[in-house]
Amino acid sequence: MHRLRFLLVLVVSACTAGGFIAVDDWSPSSPELRDSALTFQQVSRSVGAAAQKVCQRETRGQNCDFGILIDTDPFAEPNAFQTLDKDGRPFIIFTQEMVKSTQNADEMAFVMGHEAAHHILGHIARQVKNAKEGARIFGELAEAQGEDAAGIERAQKLGAEVGVQSYTKEFELEADRMGTLITYSAGYNPLVGMAYFSRIPDPGDRFLASHPPNAKRIEVVLETAAQLGLTR
Ligand SMILES: [Zn+2]
């Protein structure tokens, strides 16, 4: 969900993977979380299988063997994100607090479907490409303007950021669209699942607008759901 974390994890995943546990090995001790964990495990199986099918249909040569992990750190903020291990296997990671903050299986499935869609749509690779492209263009401009090495490096860093930022909103909406399809084919209701948006801060007026406003995201989900014959 949170783009900055998404990129950060891409770089550090190899070092931090030990802090995460496979969803099927998750057995929290608190009774209230135990029920959520059982529901979450069930959702993981259904959405994992549905996402794998869509991935195999929509991609060529991409690893479609989704692993779902829990970050059990009780101090980690509610968050879900997608990353790749060094062999290109996709992982979807939910923090324990994220699972707690969902209100039902449909919301869990919706968030998971969205993260799976980021992988199927190749968003990590596309972001890396955009970052490189931005760095190259800004670097060349700085060089043409006679900047010294430090100035060129500063320009490249800024260019990489601009390259990433320029597409994040589109990527989120693309992931919402495909995530709706995955949620539905896994047997959950995306219209119930999207209620999650109504409880998270609207980036339309916060967070430097790296994410599209919630209203726009809801519109995309409603449109996609209508194509599936689902209405509120
Ligand atoms: Zn996202």
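Out of (1) within 18 Å of the chain's Cα centre (by Cα); (2) at pLDDT 95 or above, the odd one out for GLN56 is which?
The failed condition is (1).
If a residue has to be within 15 Å of the ligand (Cβ to nearest atom) and hydrophobic (A, V, I, L, M, F, W, C) to count, how many in region 138-180 make the cut?
Residues in region 138-180 being within 15 Å of the ligand (Cβ to nearest atom) and hydrophobic (A, V, I, L, M, F, W, C): 5 in total.
Which condition does ASP87 not pass, out of (1) acidic (Asp, Glu); (2) touching a helix residue (DSSP H, G or I) at 6+ places or on another chain (Cβ under 9 Å); (3) within 18 Å of ALA22 (Cβ to Cβ), if it passes all the others?
All conditions pass for ASP87, except number (2).
One line per residue, one yes/no per condition, for (1) touching an Asp or Glu at 6+ places or on another chain (Cβ under 9 Å); (2) within 16 Å of the ligand (Cβ to nearest atom); (3) at pLDDT 95 or above:
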{"site": "LEU4", "(1), (2), (3)": "no, yes, no"}
{"site": "LEU10", "(1), (2), (3)": "no, yes, no"}
{"site": "ALA14", "(1), (2), (3)": "yes, no, no"}
{"site": "ILE21", "(1), (2), (3)": "yes, no, no"}
{"site": "TRP26", "(1), (2), (3)": "no, no, no"}
{"site": "SER29", "(1), (2), (3)": "no, no, no"}
{"site": "GLU32", "(1), (2), (3)": "no, no, no"}
{"site": "ASP35", "(1), (2), (3)": "no, no, no"}
{"site": "GLN42", "(1), (2), (3)": "no, no, yes"}
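Any residue that is surrounded by 15 or more Cβ atoms within 10 Å (Cβ to Cβ) and assigned to a helix (DSSP H, G or I) - is there at least one of those in region 75-96?
Yes: one or more hits.
Which ones in region 82-122 are within 15 Å of the ligand (Cβ to nearest atom) and free of Cβ contacts under 8 Å to residues at least 40 places away in the same chain?
PRO90, ILE92, THR95, MET98
The values are calculated or read from the model by the stated rules, or taken from the named source; none is laboratory data. Source: prediction; values computed, not measured. Glycine gets a Cβ as well: all are built from the backbone with ideal geometry, and neighbour counts include every protein chain shown.
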